[in-house]
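The values are calculated or read from the model by the stated rules, or taken from the named source; none is laboratory data. This structure is a prediction, so every number in the text was calculated from the model and none was measured. Neighbour counts run over all protein chains shown; Cβ positions are idealised from the backbone, glycine included. Just the protein is used for accessible areas: all its heavy atoms, side chains included, with ligands, DNA and RNA removed. Shrake-Rupley method; radii C 1.70, N 1.55, O 1.52, S 1.80 Å.
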Amino acid sequence: MIKQTYNSERLILRPMHVSDAPFILRLLNSPGWIEFIGDRKITDEQGAIKYIENIDGSSESFFWVAFDRLNQVPLGVVSLIQRTYLPFPDIGFAFLSEFGKQGFAFEAANCVLKKLCESPDYTTILATTMTTNVNSQRLLERLGLLYIQNIVVEHEELMLYSTNKEQTEIDVMIQAYYDFLKNKTADWKPFQEFFTPEATIAKMDSGILNDLSIADFLAPRIKLLTDGTLTDFSEVEVGQYTQIRDSIAHRFSSYRKNGLWGGKLYTGSGTKSFQLVKTTAGWKIHSLIWDEHASNSVTQA
């Protein structure tokens with residue numbers, strides 16, 4: 001569905017092609033692109049062709065070139081990219097400055113966004129922009145995307161927007177929860193901020209449910225990660241299903257973990273069930289139950 005030509009009132013949005021290299025070269029070296037997206041160091045058409053071929057050969061990104069329907073002049077691009085640091089695809093847009101202030105960027109992005117939202121494959125669309133790019137922020141808000149929070153990517157602060165505010169807030173919080181499990185310091189107090197004060201934690205163990213306090217949950221992990229027993233540890237979410245109803249939500253989360261335990265490779269996987277509530281401080285975990293699969297192993301690294 002995605003690799004199609006779309007039409008709006010004034011524009012034709014066609015999948016980017018190597019024949020667009022002269023225009024892409026000009027766009028990549030435009031002041032707006034360099035300031036708000038970055039200098040790609042592409043200085044000739046051959047480089048632009050290679051840039052297009054790299055995008056065309058990737059399953060993680062897709063670009064449309066927006067043409068004026070009347071004279072077939074290329075004006076800008078709309079992109080959809082699955083970035084490694086985001087849970088859902090990121091929509092973007094860039095137009096030459098001489099075509100600014102005429103509504104072309106909004107019309108093009110809105111056309112693509114509406115088509116994507118018609119597909120069950122795109123339940124949530126994200127967008128990011130620099131904190132200094134006020135025009136982009138206004139356009140995203142006009143498109144109906146909602147500001148979620150600021151994120152830091154490669155030492156640069158970006159503003160994160162979403163078509164699905166609650167889902168994205170939960171995704172960001174759960175991602176932060178998993179990232180925190182890599183913590184190598186003795187300061188685990190911030191971990192409690194993921195939970196409500198009354199939160200419960202439990203682990204399924206051979207059919208028996210063992211209840212834990214947050215302190216009981218943390219104690220062995222802090223020891224393992226700070227005394228050198230477990231190093232290079234990582235636990236990541238590899239699949240999820242989330243249901244949201246008003247101020248409560250449930251998330252099934254499949255995870256995979258690995259590290260070095262006493263110099264030997266340690267691997268494992270399992271499922272976590274998060275019960276979440278929307279508080280005045282945002283989404284919090286009120287209950288966590290997890291079941292670890294029996295495939296955990298310690299083998300020689």
Seminar exercise, completed: Restricted to the stretch 222-240 and to residues being open to solvent by 70 Å² or more (accessible area, probe 1.4 Å) and of a type outside the set (Val, Ile, Thr), the residue nearest to residue 171 (Cα to Cα) is 240
Exercise. If the Cβ limit is 7 Å and pairs must be 6+ apart or interchain, which residue in the stretch 274-289 that is among the hydroxyl-bearing types (Ser, Thr, Tyr) pairs with which residue that is open to solvent by 50 Å² or more (accessible area, probe 1.4 Å)?
Worked result: 287/200; 287/275
Seminar exercise, completed: Over the stretch 262-284, the set of residues out of contact with any helix residue (DSSP H, G or I) (no Cβ under 8 Å at 6 or more places or on another chain) and not polar (S, T, N, Q) is 262, 263, 264, 265, 266, 268, 270, 272, 277, 281
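Do any helices (runs of 4 or more DSSP H) entirely within the stretch 103-199 hold 1 or more residues that are farther than 24 Å from residue 234 by Cα and open to solvent by 70 Å² or more (accessible area, probe 1.4 Å), and if so, which? Steps first, please.
Working: elements: 104-117, 134-142, 165-180.
Where helices (runs of 4 or more DSSP H) fall fully within the stretch 103-199 and carry at least 1 residues being farther than 24 Å from residue 234 by Cα and open to solvent by 70 Å² or more (accessible area, probe 1.4 Å), they are 104-117, 134-142.
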